[in-house]
């Protein structure tokens with residue numbers, strides 16, 4: 001299994017619509033960077049957020065998630081409360097080929113501010129907008145800029161295609177069109 005360089009990402013994005021919309025080069029001027037990088041692709045966060053709140057004293061239970069523990073927000077800037085988190089989605093829509101797996105890591109600009117981005121791997125043949133978990137680990141409110149870079153996706157191509165893809169097993173987060181809350 002090998003890490004894929006920028007020219008492979010460009011080819012897959014343009015020929016197989018792996019990433020839409022796709023920025024062929026890195027956009028940096030006046031924004032937190034996004035687009036193609038040396039061995040990955042810097043994704044953007046859309047302007048839709050679900051911010052964690054404890055107004056209803058809900059218990060966070062992944063088997064019985066209470067959607068009332070989240071407040072919907074749409075805007076150019078999202079403020080995440082201290083020691084809290086928000087869910088968001090990417091601007092980009094992904095179609096992962098059967099022989100590819102991705103790993104996603106938060107951008108250093110946010111990490112240096114105590115803002116951690118968590119995303120699970122995009123499995124072979126997964127498709128959709130990516131749901132992002134953005135944690136504010138600081139005791140201060142944290143600002144997230146919509147339509148700017150938030151994390152970097154690294155692409156790994158296997159020596160062989162997998163036996164069972166995400167599509168084959170009918171994964172519960174296939175074809176996400178918006179922010180997806182936990183499902184059992």
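Just so you know, all these numbers are worked out from the coordinates, no wet-lab data involved. The model shown is predicted, which means the values in this text are computed figures rather than measured ones. With ideal geometry, Cβ positions are generated from the backbone for all residues, glycine too; neighbour counts draw on all protein chains shown.
Exposure proxy shown here: for 91, 103, the number of other Cβ atoms within 10 Å sets the order, fewest to most, as 103, 91. Ordering 161, 27 from the fewest to the most neighbouring beta carbons within 10 Å gives 161, 27. Simple spin-label estimate for residue 14 and residue 133 gives 3.7 nm between the two label positions (7 Å along the Cα-to-Cβ direction from each Cα).
Entry note: region 82-184 has Rg to Rh equal to 1.01, where both radii use alpha-carbon atoms and Rh is the Kirkwood radius. Would you work out if region 1-96 is rounded, prolate or oblate? Take a ≥ b ≥ c from the square roots of the eigenvalues of the alpha-carbon gyration tensor; rounded if a/c is under 1.5, else prolate when a/b is larger than b/c, oblate otherwise. In terms of gyration-tensor shape, prolate. One chain, two ends: residue 57 and residue 3. Fully extended at 0.36 nm per residue, the span grows by 15.0 nm beyond their Cα-Cα distance. Can you give me the angle between helix 6-16 and the longest principal axis of the chain, using Cα atoms only, in degrees from 0 to 90, rounded to the nearest 10? Between the helix axis and the principal axis of the chain, the angle is about 90 degrees. Calculated mean residue ellipticity at 222 nm for the chain: -2000 deg cm²/dmol, from DSSP H runs with n ≥ 4 weighted as -39500 (n - 2.57), summed, divided by the residue count and rounded to 500. Arranged from fewest to most other beta-carbon atoms within 10 Å of their beta carbon, 19, 51 become 51, 19.
For region 121-141, backbone nitrogen atoms closer than 18 Å to the point 7 Å from residue 173 Cα along Cα-to-C-beta are found at 121-136.
Is the shape of the chain rounded, prolate or oblate, going by the alpha carbon gyration tensor and its root eigenvalues a ≥ b ≥ c, with a/c under 1.5 for rounded and a/b larger than b/c for prolate? Oblate. At a Förster distance of 30 Å, what's the computed FRET efficiency of residue 38 paired with residue 160, Cβ-Cβ distance as r, to 0.05? Working from the Cβ atoms, E equals 0.70.
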